[in-house]
Amino acid sequence: MKIERIELAGLTTRVVGDGPLTVVLLHGFGAPGDDLVALAQFLKVPARFVFPAAPIELGGLYGDARAWWRLDLMQLEQDLRTGAIRDRRSEVPEGLVEVRAQVNRFLAELKARFGADKLVLGGFSQGAMVSLDVALHRDTALSGLLLMSGTLLAESEWAPLMPKLAGVPIVQSHGRADPLLPFSIAEVLRDQLTAAGAKLQFVPFNGGHEIPPVVLDGATKLLQSI
């Protein structure tokens, strides 16, 4: 698998493959910038797969740990210890507006460099949240969205924008035993997207915070349909 490394909008980016479809995938919190690159081998679609590294370097974690915005790690550890269900619907993360602007610049530079008439945006965990936020604030609709193990954020801002996703093909996946982002909140997001008219395929699975084969199958079908 040939991987091209480029810089776009200040983000180190890996590009794999070529085709009539451009698929941009954003990694999760604490992962290295190339964390999702291997997925290009499993998504059996003629496409250009693009993997930008998040802009924030996380000190104190092992390896190339990066983030789209910072999290309260002490609170996260406490939630995991106590088994607390973390409902983030009312949270508007500090830095969300800035990262949205940077990802939009990234997509503009990507289109200028390669052309991208058909663009699918998606990601895992925090990357899925960024993808949905960007999609909701765009003036032009994406060709599709791939939301893997994300959650509902900034509900007061997102809810009025949901109708913009009417008719947009979306795959949303979530593990029933996810210890980080509760399955019950994923169901709330599913219902809101469906009510807004999105062409949603919900892919639940018996697992945790992960990307199992059933999710890759659902993503492949979405991309093939586009």
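The values are calculated or read from the model by the stated rules, or taken from the named source; none is laboratory data. Note that this is a predicted model, so its numbers are computed, not measured. Please note: Cβ atoms are built from the backbone with ideal geometry, for glycine as well, and neighbour counts cover all protein chains shown.
Every residue in segment 194-207 that is assigned to a loop (DSSP other than H, G, I, E, B) and either of a type in the set (S, T, N, Q) or at pLDDT below 95 (or both), please. Reasoning before the result, please.
Applying the first criterion (assigned to a loop (DSSP other than H, G, I, E, B)) to segment 194-207 yields 196-198, 206-207.
The answer is Asn206, and nothing else.
Pick out the one residue from Ser225, Ser173 that is among the polar types (S, T, N, Q) and farther than 18 Å from Ser125 by Cα. Don't jump to the end; show me each part of the working.
Working: Ser173 fails: farther than 18 Å from Ser125 by Cα.
Exactly one residue qualifies, and that residue is Ser225.
What tally of residues in segment 169-181 results from selecting those that are of a type outside the set (Lys, Arg) and surrounded by fewer than 19 Cβ atoms within 10 Å (Cβ to Cβ)?
Taking segment 169-181 as the starting set, the residues that turn out to be of a type outside the set (Lys, Arg) are 169-175, 177-181.
From the residues that got through so far, the ones that are surrounded by fewer than 19 Cβ atoms within 10 Å (Cβ to Cβ) too are 177, 179-180.
So the count comes out to 3.
Any chance you could count how many residues in segment 29-51 are in a strand (DSSP E or B) and in contact with a helix residue (DSSP H, G or I) (Cβ under 6 Å, 6 or more places away or on another chain)? If you could, list the steps in order and put the result at the bottom.
Applying the first criterion (in a strand (DSSP E or B)) to segment 29-51 yields 31, 47-51.
Okay, now just the ones that are also in contact with a helix residue (DSSP H, G or I) (Cβ under 6 Å, 6 or more places away or on another chain), so 49, 51.
Residues in segment 29-51 being in a strand (DSSP E or B) and in contact with a helix residue (DSSP H, G or I) (Cβ under 6 Å, 6 or more places away or on another chain): 2 in total.
Quick test of your reading of the structure: Ala38 fulfils all but one of (1) among the hydrophobic types (A, V, I, L, M, F, W, C); (2) modelled with pLDDT under 95; (3) over 16 Å from Ser131 (Cβ atoms). Name the failing condition by number.
Every listed condition holds for Ala38 apart from (2).
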